[in-house]
Amino acid sequence: MSMSLRKRALRFWRNEDGASSTIEFLFWFPFFLYVAYSGMDLGLLSFHHADLERSLDMTVREVRLNRLPDGETEWDHALLKEMVCERALISNCSEHLALEMKSINPRVGNQLDPTPYCVDTPATIRKPEDVVFELGTSNELMIIRACLEVSPAFGLSMMNELVKQDNDGQWELHAISVFVHEPFGGSSTAPAGGGSTEPPEDVADATN
């Protein structure tokens, strides 16, 4: 009985049927797993980006019509961040979101810095005091840009090569919206095209 089992075991060990398919499986399986993880990261990235754009557009509509939330007296960077994050389905949104807003000349176009400012942007790239946040006045053309940092679901995927990342490996998602203040909108007396001399308080605090 033991000899029969030993012979069967040796015959099974020496049998090479199916060996080639096993080698192919071991070769291709990591690649398919890599593609699957990348697909999930792509889906997460697309969801967060669409969510950010939707939340920003809904907030801009309130700013354009000058509909301040109850208890608020004026627009500022912290209030807009709070309103965007209330409408977004993103965890720790307020900690990873930065906004820039300024008036623009319609004959010139986008006058924001080509490099978006994000929460973890090094001072060697963009200094916090250079961040522009203007409230604008009635009938003024405005542009607002949001930068949100989100963590990928998987650290190893092909999306890491396609998406801009910060030093902590977080993705940087950008959204831009342009709007015009209604005749009764805006609450700032800053001149059109002028920049803020001081950075928003929450931006300055985040860098300290």
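Rolling a 1.4 Å probe over the heavy atoms of the protein chains gives the range 46-118 an accessible area of 52 Å² per residue.
Working from Cα pairs under 8 Å separated by at least six residues, relative contact order for the range 48-158 is 30 percent.
The values are calculated or read from the model by the stated rules, or taken from the named source; none is laboratory data. Only a predicted model underlies this, so the values are computations on that prediction, with no experimental measurement involved. Calculation scope for accessible area: heavy atoms of the full protein, side chains included, ligands and nucleic acids excluded. Shrake-Rupley method; radii C 1.70, N 1.55, O 1.52, S 1.80 Å.
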